[in-house]
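Student: Have a look at this one before I ask anything.
The values are calculated or read from the model by the stated rules, or taken from the named source; none is laboratory data. Values in this document were obtained by computation on a predicted structure and should not be read as measured data. Here the Cβ is made from the backbone with ideal geometry for all residues, glycine too, and neighbour counts use every protein chain on show. The protein model used for the area step is the full one, side chains on, heavy atoms only, and it has no ligands, DNA or RNA in it. Shrake-Rupley method; radii C 1.70, N 1.55, O 1.52, S 1.80 Å.
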Amino acid sequence: MKLGIRSIESIPVENVDDYSFLSPGSRFDFSSFIKGDPTELPFVPDSGNFNETWKSGADGKYSEFTFSATIRRDKEKYRSQLQSLTGKRHIFQITLISGVKYVIGSRESIPTFGWSDVVSGTSSNEFTIEISNNSLHGVLINSK
């Protein structure tokens, strides 16, 4: 589904306390679980797509989440920021224009982050980023 997204932020997992005790779809004050300030990722407005699907598996129900967006602007400036997130352990927060904040991942369920040139092998001025996660608690809502 297309979302009106205000911001996408990343927080290193080592700066996030455990909140695995929360039940699926819980609302909580995420700021009370983090140390330091999140890092905002630049993106093209109206380029964000979000999908969460609940499925049944061997261990019960779980959430499959995917988010993608386009990053444009100063490509070289943001390339190092994207490279620093690749293969690292981060939790993500997506804030909608409405003010609703979705928290993606936890210490027990680390999201996967990836990025690529929009048109591979060209000098495009855009990147596509993707965040995905499978978890038992699903996407949580930051109430602050």
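Student: Any residue in the range 49-72 that's touching a residue at least 60 places away in the same chain (Cβ under 8 Å) and more than 16 Å from ILE141 (Cβ to Cβ): show its pairings with residues that are among the small types (Gly, Ala, Ser) and open to solvent by less than 40 Å² (accessible area, probe 1.4 Å) at Cβ separation under 7 Å, as long as the two are six or more apart or on different chains.
Tutor: Cβ pairs passing all conditions: TYR62/SER135; THR66/SER132; ALA69/SER47; ALA69/GLY48.
Student: Let me confirm something: among SER80, SER56, which residue is more than 19 Å from PRO111 (Cα to Cα) and part of a helix (DSSP H, G or I)?
Tutor: Criteria check complete, one pass: SER80.
Student: Could you grab the pairs with beta carbons closer than 8 Å, sequence gap of 6+ or different chains, first residue in the range 90-111 and over 11 Å from GLU9 (Cβ atoms), second one basic (Lys, Arg) and part of a loop (DSSP other than H, G, I, E, B)?
Tutor: What qualifies is ILE110/ARG89.
Student: For the range 15-34, what are the residues that are of a type outside the set (D, E, K, R) and either at pLDDT below 80 or in a loop (DSSP other than H, G, I, E, B) (or both)?
Tutor: Within the range 15-34, TYR19, SER20, PHE21, LEU22, SER23, PRO24, GLY25, SER26 qualify.
Student: From the set of residues in the range 30-59 that are charged (D, E, K, R) and under 12 Å from GLN93 (Cβ atoms), which is least open to solvent (accessible area, probe 1.4 Å)?
Tutor: In this case the residue turns out to be GLU40.
Student: Additional query: So, in the range 61-84, of the ones that are modelled with pLDDT under 85 and not charged (D, E, K, R), which residue ends up most open to solvent (accessible area, probe 1.4 Å)?
Tutor: The residue in question is GLN83.
Student: OK, next. Of the residues ASP46, ASP37, which is touching a residue at least 12 places away in the same chain (Cβ under 8 Å) and assigned to a loop (DSSP other than H, G, I, E, B)?
Tutor: Of the residues listed, the single one that is touching a residue at least 12 places away in the same chain (Cβ under 8 Å) and assigned to a loop (DSSP other than H, G, I, E, B) is ASP46.
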